[in-house]
Amino acid sequence: APLLWGAPPPALRPARADGAAMVLAPSARGLGDWNPFAPRAERIREGGCEVDFRMEIVHLTKRRVSGGVAIAAPAADVWRAVTSYERFPDFIPSIISHDVRRGGAGRAVIDQVSQLSRRLNMRSQMTLEAVESPDARSVTLRRVSGHGFLEFEGQYSLSPRPDGSTYLGYSVELVPCPIFPLPLVEQKIRKEVPKMLAAMSRYARRL
């Protein structure tokens, strides 16, 4: 089913593993109350991590994605991983080229080209501004210019836990360019976000 559709409520049941990822899929109960525009929440097993993932329809072409992963590392190490912008190609395999220009006051400009579809030879090119908020334990990435997305604003947020671990949350609101098929963009996001969070988890645990 296309990712833009919501899932029948209310319960979650384990689904069969599909490749490397195991998804907790919604149960078939409550079909009479099914809302196709309801947010779809999943827990995906990726690279030895359980990643929370949720996609919502904001309007016809705008999507909001949110989720996160619990990392067995202190917040200071997770912060170092999230702000290691030069290492983003290690976390996001679809990145083709990546250039980082760091400024003062926790700011950086990132020029990035990413592959949306190798088969269709579709790429996006964006200039992003990264703004760090250490007191709030968050990093915001905003589209400044480029093509591929008309709107793109993402945020990483860190929540330390009493046991010394950290929950790394991620959210992004985006509007793809009309030339990019929306189901293709949704599938790419559904594939890349869990991989990125799992890779950041592995990197933070090694610091």
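The values are calculated or read from the model by the stated rules, or taken from the named source; none is laboratory data. Note that this is a predicted model, so its numbers are computed, not measured. Quick reminder, even Gly has a Cβ in these numbers, built from the backbone with ideal geometry, and neighbours come from all protein chains shown. Accessible surface is based on the protein model in full, side chains and every heavy atom, while ligands, DNA and RNA are left aside. Shrake-Rupley method; radii C 1.70, N 1.55, O 1.52, S 1.80 Å.
Return the residues of the range 176-202 that are open to solvent by less than 10 Å² (accessible area, probe 1.4 Å) and in contact with a Leu (Cβ under 6 Å, 6 or more places away or on another chain); say none if nothing qualifies.
Within the range 176-202, Glu186 is the sole residue that qualifies.
Could you say whether any residue in the range 11-33 is crowded, with 17+ Cβ neighbours inside 10 Å, of a type in the set (Gly, Ala, Ser), within 23 Å of Met200 (Cα to Cα) and modelled with pLDDT of 90 or more?
no
From the list Val113, Val78, pick out the single residue that is assigned to a strand (DSSP E or B), among the aliphatic types (A, V, I, L, M) and either open to solvent by less than 30 Å² (accessible area, probe 1.4 Å) or modelled with pLDDT of 95 or more (or both).
None of the other options fit; the residue is Val113.
Only residues that are over 15 Å from Val82 (Cα atoms) and hydroxyl-bearing (Ser, Thr, Tyr): list them for the range 113-145, please.
If the condition is that a residue be over 15 Å from Val82 (Cα atoms) and hydroxyl-bearing (Ser, Thr, Tyr), then Ser114, Ser117, Ser124, Thr127, Ser145 are the ones that fit.
From Val139, Val172, Val131, grab the single residue that is within 13 Å of Val78 (Cα to Cα), of a type in the set (Val, Ile, Thr) and in a strand (DSSP E or B).
Val139
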